[in-house]
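Participant: Have a look at this one before I ask anything.
Please treat every number below as a calculation from the coordinates, not as lab data. Please read these numbers as outputs of a predicted model, since none were measured by experiment.
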Amino acid sequence: MASFLFVCRKPPYGDSLAREVLDMVLAAAAFEQDVSLFFTDDGVWQLLKEQHGDAVRQKNHGSIVSALPLYDVSKLYVDRESMKERGLAPDDLVLPVQLLDPAGYAALVRGFDTVMTF
Amino acid sequence: MKFSIIVLGSPYSRQSVISAYRFAEAVLDRGHSLYRVFFYHDAVHCGSALSQPPQDEMSIPEHWADLGRTHGLDLVVCIGSALKRGIVDETEADRYEKPAANLRDGFAISGLGQWVDACIESDRVVTFGA
């Protein structure tokens, strides 16, 4: 078993990469790897409640994210500053997250076998 | 050291694809091993047999295929990303009754399990972004 950290910087819908990264997350979880996610920059938008992907003919990204704990993926971290810059609070998000400052992220990232940034 | 590389960008749209190729060359030149190159997202187009760049530009798919042949590399195109973008091998073309197959020789279509395996088996995994 290896530990994976996915650093998600892209918003959903405008670019399919955010969705395809979730496919990678689920694949790693399906192979019983230890998976954590860190959302920063525009990646924090992926966690927003009440998304309506169908309005742009897309699957609802928020629904996919909120199902992550069903696949044993529940270690979610978010950059505090990215949230503040975008006027978001933890209550606006679809799952419980741990807010991190840069020093907190630096400490977090050291502990993983594989870190992938998107 | 054992490396694996993940490529995400579209060839000819993103410089990162050429950066990935140059990095692969450097890894091999330095005597390290390259366990797998996994083409995901738009990078599946690197596996197209149909790409025809202008004469005075490098053929990115051909360069990857040649590097693969020379060094016995495992060049894997992700099936999920590939199918929706119209990169298919004979098996998938038959399965979905497509008029043609277009996967370049030297590439294999497979799933995200190959990427997970590459991350577990490699000392370093380097991602070249979209």
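Participant: Using Cα positions and a limit of under 13 Å, work out the aspartates and glutamates in reach of A:Lys49, with same-chain residues fewer than 8 apart set aside.
Facilitator: A:Asp91, A:Asp92
Participant: Another question about this same structure. Once you compute Rg and the Kirkwood Rh from C-alpha atoms, what is the Rg to Rh ratio for the protein assembly as shown?
Facilitator: Values: Rg = 18.7 Å, Rh = 19.1 Å.
Computed over Cα atoms, the ratio is 0.98.
Participant: Could you check how many percent of all C-alpha pairs in region A:1-51 are farther apart than 15 Å? Can you show the working numbers first?
Facilitator: On the way: 590 of 1275 pairs.
Looking at region A:1-51, the distances longer than 15 Å represent 46 percent of pairs.
Participant: Shape of chain B from its Cα gyration tensor (a ≥ b ≥ c, root eigenvalues): rounded if a/c is under 1.5, otherwise prolate when a/b > b/c, or oblate? Mind dumping the intermediate values first?
Facilitator: Working: a/c = 1.79, a/b = 1.29, b/c = 1.39.
Oblate is the answer for chain B, as a/c is 1.5 or above yet b/c matches or exceeds a/b.
Participant: Aspartates and glutamates near A:Lys75 by alpha-carbon distance under 12 Å, same-chain residues fewer than 8 away left out - which ones?
Facilitator: Here the aspartates and glutamates satisfying the reach criterion relative to A:Lys75 are A:Asp34.
Participant: So who's got an amide H within less than 5 Å of the one on A:Val35, skipping anything under 5 residues away but keeping other chains? H placed 1.01 Å off N, in plane.
Facilitator: Sorted by chain and number, the residues that satisfy this are A:Phe4.
Participant: Same structure, new question: Per the Kirkwood formula on distinct C-alpha pairs, the Rh of region B:66-130 is how many angstrom? Mind dumping the intermediate values first?
Facilitator: On the way: mean 1/r = 0.0756 Å⁻¹.
Averaging 1/r across every pair of different Cα atoms and inverting gives 13.2 Å.
Participant: If amide H atoms are built 1.01 Å from N in the plane of the peptide, which residues on other chains or at least 5 residues away come under 5 Å of the amide H of B:Ile109?
Facilitator: Here B:Val77 satisfy the definition.
Participant: Show the residues, 5+ positions off or on another chain, whose built amide H is closer than 5 Å to the amide H of A:Val115.
Facilitator: A:Leu5
Participant: Calculate the length of the line joining the C-alpha centroid of region A:56-77 to that of region B:17-47, in whole Å.
Facilitator: 30
Participant: Can you pull the Kirkwood radius for region A:46-98, inverse mean 1/r over Cα pairs, to one decimal in Å? Please list the in-between numbers first.
Facilitator: Working: mean 1/r = 0.0840 Å⁻¹.
Here the Kirkwood hydrodynamic radius works out to 11.9 Å.
Participant: What does the C-alpha gyration tensor say about the overall shape of region A:71-118? Classify as rounded when a/c is under 1.5, otherwise prolate if a/b is larger than b/c, or oblate. Intermediate values should be presented prior to the final figure.
Facilitator: Working: a/c = 2.21, a/b = 1.33, b/c = 1.65.
In terms of gyration-tensor shape, oblate.
Participant: Looking at chain B only, what percent of DSSP beta bridges run antiparallel? Nearest 5 please. Can you show the working numbers first?
Facilitator: Values: 1 of 19 bridges.
Here the antiparallel bridges make up roughly 5 percent for chain B.
Participant: Follow-up question, since we're still on this one. Using only the Cα atoms of chain A, build the gyration tensor, take square roots of its eigenvalues as a ≥ b ≥ c, and label the shape rounded, prolate or oblate: rounded if a/c is under 1.5, else prolate if a/b is larger than b/c, else oblate. Before the final figure, lay out each step's value.
Facilitator: Working: a/c = 1.75, a/b = 1.15, b/c = 1.52.
Oblate, because a/c is 1.5 or more while a/b does not exceed b/c.
Participant: Using every alpha carbon pair in region B:25-94, what percent of pairs falls into each 5 Å bin from 0 up to the bin containing the largest distance?
Facilitator: Distribution as computed: 3, 15, 23, 23, 19, 11, 5, 1, 0 percent.
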